[in-house]
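Step one of this worksheet: look at the structure below.
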Amino acid sequence: MQTNIAAVEAPAATEKRNKRNNSTFADHMKSYIHHPGSGILALLTMLAAAATFAMLLFLVVYIMVKGIPYLTPSLFSLEYTSENVSLVPSLINTFIMTVVSLVIAAPLGIFAAIYLVEYAKKGNKFVGIIRITAETLSGIPSIVYGLFGLLFFVTTLKWGMSLLAGAFTLVIMVLPLIMRTSEEALKAVPDSYREASFGLGAGKLRTIFTIVLPSAVPGILAGIILAIGRVIGETAALLYTSGTVAQVPDSLMGSGRTLALHMYVLSSEGLHMNQASATAVVILLFVLVINGLSGMAAKRIAKGYG
């Protein structure tokens, strides 16, 4: 008897839902008819979304088609030579550069955001100066950062063309990005979370690290992912600071090229354009893997505190 009742109720519920969806669509159509401007804006929004997706899909497919045929075993040799132009040393250098840059920039950016959101008083002029400075630094061309790194880290501090000089230059580049995205993520956490924690007797610092930060993890990781993308794709700043040596240095004080710089050098020489296209595929896959791992980590952390 219960099975029969469920069998009767299921189609009824489906029909009711379809009627509700149809009525909603009809209401939207009436709204667009009475207000043509809304319909035009909706159409422009859909066209913009479709164009963005089409451009992204075309870019990915184009890179894959141009580069995959040239992903040969010689391209993944352990050592770079003029015959195989291996990208493995550059891949290792890219990983080292990314890790060193984020280990320095991420804590600084997140702690600065915590101060701006949780500790600084509203209307503080110093906070306003910090935000304006961060936004200004975000818009400076990377070549300017490269020249600064050359003059300060390479020449003044006598670090020479090295991975360390390149990493510190990238820290200055991505620090404003991490700080601003972390700040917005912390602002998005409802004040009720903080009030509930204070009501249970938790202190300021404990509330921040056990309630606020875990809730803001997805937004903070989004900024870190953007920073990773900028580090991996940077060429101009590293050209003047880390150098273009196609090998893995013995220490951070040695010179080495990243994947993006490797692709730039190959394409500028004009002798290995096919290998440069294959390197672009590896860069794309490298970014996708890092983004995927970061997204999984964000979901796991959010679920752990959910």
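The values are calculated or read from the model by the stated rules, or taken from the named source; none is laboratory data. Bear in mind that the values here come from a model prediction, so they are computed numbers and not experimental data. Positions of Cβ are backbone-derived with ideal geometry, glycine not excepted, and every protein chain shown enters the neighbour counts. Just the protein is used for accessible areas: all its heavy atoms, side chains included, with ligands, DNA and RNA removed. Shrake-Rupley method; radii C 1.70, N 1.55, O 1.52, S 1.80 Å.
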Checklist outcome for this item: In the set 172, 178, 132, the lone residue that is assigned to a helix (DSSP H, G or I), of a type in the set (Val, Ile, Thr), modelled with pLDDT of 90 or more and surrounded by fewer than 20 Cβ atoms within 10 Å (Cβ to Cβ) is 172
Checklist entry - Is it the case that some residue within region 11-19 is of a type outside the set (S, T, N, Q), farther than 30 Å from residue 170 by Cβ, open to solvent by less than 90 Å² (accessible area, probe 1.4 Å) and modelled with pLDDT of 85 or more? => result no
Next on the checklist: Suppose we keep only residues that are assigned to a helix (DSSP H, G or I) and free of Cβ contacts under 8 Å to residues at least 24 places away in the same chain within region 83-101. Which one would you say is surrounded by the most Cβ atoms within 10 Å (Cβ to Cβ)?
Outcome noted: 88
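Within region 286-305, does at least one residue satisfy the condition of being touching a Pro at 6+ places or on another chain (Cβ under 7 Å) and small (Gly, Ala, Ser)?
Start the filter on region 286-305 by keeping residues that are touching a Pro at 6+ places or on another chain (Cβ under 7 Å), which leaves 298, 301-302, 305.
Imposing the further condition that a residue be small (Gly, Ala, Ser) reduces the set to 298, 302.
Yes: region 286-305 contains one or more residues that are touching a Pro at 6+ places or on another chain (Cβ under 7 Å) and small (Gly, Ala, Ser).
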Checklist entry - When you scan region 150-169, how many residues do you find that are surrounded by 21 or more Cβ atoms within 10 Å (Cβ to Cβ) and part of a loop (DSSP other than H, G, I, E, B)? => result 2
Checklist entry - residue 305 fails exactly one of the following numbered conditions: (1) modelled with pLDDT of 90 or more; (2) under 30 Å from residue 214 (Cα atoms); (3) among the hydroxyl-bearing types (Ser, Thr, Tyr). What is the number of that condition? => result (1)
Next on the checklist: Would you confirm, using the coordinates I've provided, whether residue 76 is out of contact with any Ser or Thr (no Cβ under 7 Å at 6 or more places or on another chain) and among the aromatic types (Phe, Trp, Tyr)?
Outcome noted: no
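Residue-wise test of (1) open to solvent by 50 Å² or more (accessible area, probe 1.4 Å); (2) free of Cβ contacts under 8 Å to residues at least 24 places away in the same chain.
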position	(1), (2)
57	yes, yes
65	yes, yes
78	yes, yes
103	yes, yes
108	yes, no
116	no, no
121	yes, yes
124	yes, yes
128	no, yes
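Which fully enclosed helices (runs of 4 or more DSSP H) of region 188-306 have 1 or more residues being more than 26 Å from residue 139 (Cα to Cα), open to solvent by 30 Å² or more (accessible area, probe 1.4 Å) and in contact (Cβ under 8 Å) with a residue 60 or more places away in the chain? Break it down stepwise before answering.
On the way: elements: 191-199, 204-207, 213-233, 236-239, 259-269, 273-304.
Answer list for region 188-306: 204-207, 213-233, 273-304.
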